[in-house]
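First comes the structure, then the notes that go with it.
The values are calculated or read from the model by the stated rules, or taken from the named source; none is laboratory data. Model, not experiment: these values are computed from the prediction. As a convention, Cβ positions derive from the backbone with ideal geometry for all residues, glycine included, and neighbour counts pool all protein chains shown. Side chains included, ligands, DNA and RNA excluded: accessible areas come from the protein's heavy atoms. Shrake-Rupley method; radii C 1.70, N 1.55, O 1.52, S 1.80 Å.
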Amino acid sequence: MVVGEPQRVFYDAQFNDTFPLFKHYDVPLWVPEVGGPIDSRNEAHTMILSVFGGTSKGERTRIQVRVQAAMAAQAQYEGRWLGGRPPYGYMLADAGPHPNPAKAADGKRLHRLVPNPDTDWVVRLIYGLFLTGWGIGAIAEHLTAEGIPSPSAYDRRRNPHRSGVAWAKAAVRVILTNLRYTGHQVWNKQRKDEVLLDVRDVSLGYTTKQRWNERDKWVISDEIVHEPLIPRKVFDQVQQILAGRGRGPTQHAPRRSPRPYVLKGRFMCGVCDRRMQGNWNNDQAYYRCRFPQEYALANKIDHPRVVYVREADVLPRLDGWISTVLAPARLHNTIDALVQAQEAEHDDALADVARRKIAGCDAKLARYRAALDAGADPVTVTQWINTATAERVRAEREMQSAFRLRRLTREEIAEMVDGIADLSEVVAVADPKDKAELYEKMGLRLTYHCETRTVEARIEPDLHRMCQRLVSEGGLEPPCP
């Protein structure tokens, strides 16, 4: 393995964690900046590469600080929209070319918030009802009974994971606490924290968690930058009422060790078809659906107050069913079912996306060449052309990958399923984290029908995804299937 830039391949202590693997598998590591082959017995080599890892971490931190400072200034002093989904009641409108010349040459433009005539009146109605004494639950009931589409129902493309049958009480609360409705831009309401995967084994690294910031950390524009839907006095009055009810946001301390929900994300409620939430009770895992408490009762679904199912009641029978389905005697029928269940529509969709990217790159290249002919700076235009050419090459590779997403043969599916079948023999005694990963790989979906107290289990693996292996840029994490 030859490393061109050691400060970009090893981050923090990754060299010390991974170099023993190079030695174990007898893989030479060459770093030209250090003089060639890395010798584990050379103290200078180890020290230099450790310094490079620290330099990489420091540069990453500096970049984060610079980017966050720039975005905070743009939000506070310019009131610039920095991306994301527009709040309910607004939509995005063009605000002119991007101030960065390079991005402007790529066709990127600024956006601003403007009232959405289809939904802005709903926001005003919510504030008006609340100030006349209506509670959040009563408002959600009223909007649902009147047939007013909820945010998830209005924009189904961005909310395919939600049913949209009723207004969620949380959606009403979010609207009542969103400062953007006063015309001010707000940024940094959330942050990303790096949290240890396992406090007992630091070498496993970190995972990124998104968390809410305290109100004093928010960046709010100094001036009104878009048309307000609610006057600031009205908004402040609503916040005082909410604060008086003692229902402000709460901060929960992270647990020392996460609770093992083996079937997390696998359970669906058979009444409302929503994903059931994990709930720890009496030192064991449950899964519950509280549709009436979270959504308005004035909807088309007759839902019990709480639907509960205990994990310990399901796991033994689930593992027994999986071992039966993947048993050698029945594996033949299982593979046949997977062959017939394949869908080929994804091929055309991915190819169409790649075609649009190639067409966009061709249009950019044409504009850049015209600018060059018109007397633009050759150095700058050459950089643009190189960037667009690289994007076009990546799009062509995506096009080739799309055509490779064909229907898999029975032999190929059998080869992949064999690995899962071998794992199913030991799944009953496996570690909870490993079992959860196996269930996800299988595409396991459990639907709990509370009326009959039965669980419907389906295995719907993404066969093409099972074939792929991904490695994150700049890291040496093991490839995950």
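When 111, 98 are compared by accessible area of protein heavy atoms, the largest-first order is 111, 98, using a 1.4 Å probe. 3J(HN,Hα) along region 264-281: 4, x, 9, 8, 10, 7, x, 8, 10, 6, 9, 5, 7, 9, x, 9, 8, 9 Hz, from the Karplus curve 6.51 cos²θ - 1.76 cosθ + 1.60 with θ = phi - 60°, whole Hz, x for Gly and Pro. The modelled label-to-label distance between residue 94 and residue 121, using points 7 Å beyond Cα along the C-beta direction, is 2.9 nm.
Rolling a 1.4 Å probe across all protein chains gives residue 385 an accessible area of roughly 40 Å².
Exceedance of the 20 Å cut-off in Cα-Cα distance is limited, within the set 103/364; 103/209; 209/264; 57/192; 108/364; 264/433, to 103/209. All distinct Cα pairs of region 1-99 go into the 1/r average, and the inverse of that average, the Kirkwood radius, is 17.0 Å.
The label point for residue 190 and the one for residue 23, both projected 7 Å from the Cα toward the Cβ, are 4.3 nm apart. For trypsin sites (Lys or Arg not before Pro), the sites in region 31-105 that DSSP calls loop and that have at most 10 other Cβ atoms within 10 Å are 41. Largest first and in whole Å, the equivalent-ellipsoid semi-axes of region 141-206 read 35, 19, 11, each the square root of five times a Cα gyration tensor eigenvalue. Dipole orientation for region 21-90: of the candidates 46, 63, 87, 87 has the Cα lying most toward the positive pole (charges on Cβ; Lys, Arg +1; Asp, Glu -1).
Dipole magnitude for region 95-153: about 440 debye, using +1 per Lys or Arg Cβ and -1 per Asp or Glu Cβ, origin at the Cα centre. Ordered by 1.4 Å accessible area with all protein chains kept, 52, 10 run largest first as 52, 10.
Taking a straight line from the alpha carbon of residue 169, these lysines sit under 21 Å away, with near neighbours fewer than eight places off in the same chain left out: 189, 300. Electrostatic bookkeeping for residue 376 treats Lys and Arg as +1 and Asp and Glu as -1; over the other residues with beta carbon under 11 Å from its beta carbon, the sum is 0.
The calculated FRET efficiency for residue 174 paired with residue 72, based on their beta-carbon distance and R0 = 35 Å, is about 0.95. If a paramagnetic tag sat 7 Å from the Cα of residue 65 along the Cα-Cβ line, which residues of region 198-227 would have the backbone N under 20 Å from that point? What the label zone holds, given the 20 Å backbone N cut-off, is 217-219. Largest first, the residues 274, 109 sort by 1.4 Å accessible area into 109, 274.
Count Lys and Arg as plus one, Asp and Glu as minus one, and take only other residues whose Cβ is under 14 Å from that of residue 218; the net charge is then +3. Residue 218 sits with roughly 50 Å² accessible to a 1.4 Å probe, with DNA, RNA and ligands left out of the calculation. In plain terms, the chain from residue 367 to residue 337 could stretch by 5.7 nm, reckoned as 0.36 nm per residue minus the Cα-Cα distance.
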